[in-house]
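Structure first, then comments.
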Amino acid sequence: MKIELGQQQIEIHVEYGPRKKLSIHIHPSGLVTVKAPNYTSDDVVIHTVRQHENKILKQLQAIEAARTSPKVREYEEEGKFLHLGQYCSLHELIETKGRTEEELQNDLKKFYFASCKKVVGERIKIYQKLLKVTPKSFIIEESRTKWGSCSSAKHLTFNYRLAMAPIEVIDYVVIHELCHLLHMNHDRSFWRLVGSVMKDYKEKEAFLARYGHALTL
């Protein structure tokens, strides 16, 4: 869902569920999520978001400022690193005691590789059933340009940096690559198939286009 706030279009991800109240959450990565009770109308969601317009825009501006400012990574216990869309202290992700900075860097990258393999594997099992496809294999690798790929031999590849993204963004990349098992190009049939599984896939594309370069070490 797109809502105009402060003369700009803001992508809003809406999650419906058995809850009593509507709440707004902004990931440190900039993804705005509205959690709403089942059957909440779009008008109610839009009205609530606009009531909190100033707060939302301030937080997004702060995130954008932090994103564009050069940072020196702090490899210490309380250093903050993204994992599944949330900032975590380094010691929450890996063992930090008695480790040199170089060892911490290596261990953290290994953590992301392992986490990405686990999460992507779990999501593939879910979506391959929906799409009725089966990849021959999948691997996790490091890439500066691609989040995922699918070969003509049905081998899938995913970027380890996906472990830093929100789970719904990981889902999009998994669905995207699984759909390539049926359509190797990006024609209308391909996008219709993606949309049949994830209606708001364009929001996830926009997230990666805007914040993807911030998902890095």
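Assorted remarks:
- C-alpha center-to-center spacing [the range 94-121, the range 155-217] in angstrom: 24 Å
- Point-charge dipole on Cβ atoms (K/R +1, D/E -1) for the chain, about Cα centre, debye to 20: 680 debye
- For the range 72-217, accessible area per residue (1.4 Å probe, heavy atoms of protein chains only), Å²: 55 Å²
- Rounded to the nearest 5, the antiparallel percentage of DSSP beta bridges internal to the range 1-160 is 60%.
- Descending principal axes extents, the range 127-217, alpha-carbon based, whole Å: 35, 26, 21
- Global geometry of the chain, whether rounded, prolate or oblate, following the gyration tensor of its Cα atoms and the 1.5 cut on a/c: oblate
- Test item: Cα-centred dipole of the range 155-217, Lys/Arg +1 and Asp/Glu -1 on Cβ, debye: 100 debye
- Centre separation in Å (Cα based) which lies between the range 136-151 and the range 1-68: 31 Å
- Candidates Leu108, Ser151, Gly79 compared by Cα position along the dipole of the chain: farthest toward the positive end lies Ser151, with charges placed on Cβ.
- Net length gained if the chain between Asp42 and Ser137 were fully extended (0.36 nm per residue, minus Cα distance): 30.2 nm
- Dipole of the range 7-154, positive end: most advanced residue of Gln7, Asn38, His52 [Cβ charges, Cα centre]: Asn38
The values are calculated or read from the model by the stated rules, or taken from the named source; none is laboratory data. Every value quoted in this text rests on a predicted model; they were computed, and no experiment measured them. Here the Cβ is made from the backbone with ideal geometry for all residues, glycine too, and neighbour counts use every protein chain on show. Heads up: the accessible areas ignore ligands, DNA and RNA and are worked out on the full protein's heavy atoms, side chains in. Shrake-Rupley method; radii C 1.70, N 1.55, O 1.52, S 1.80 Å.
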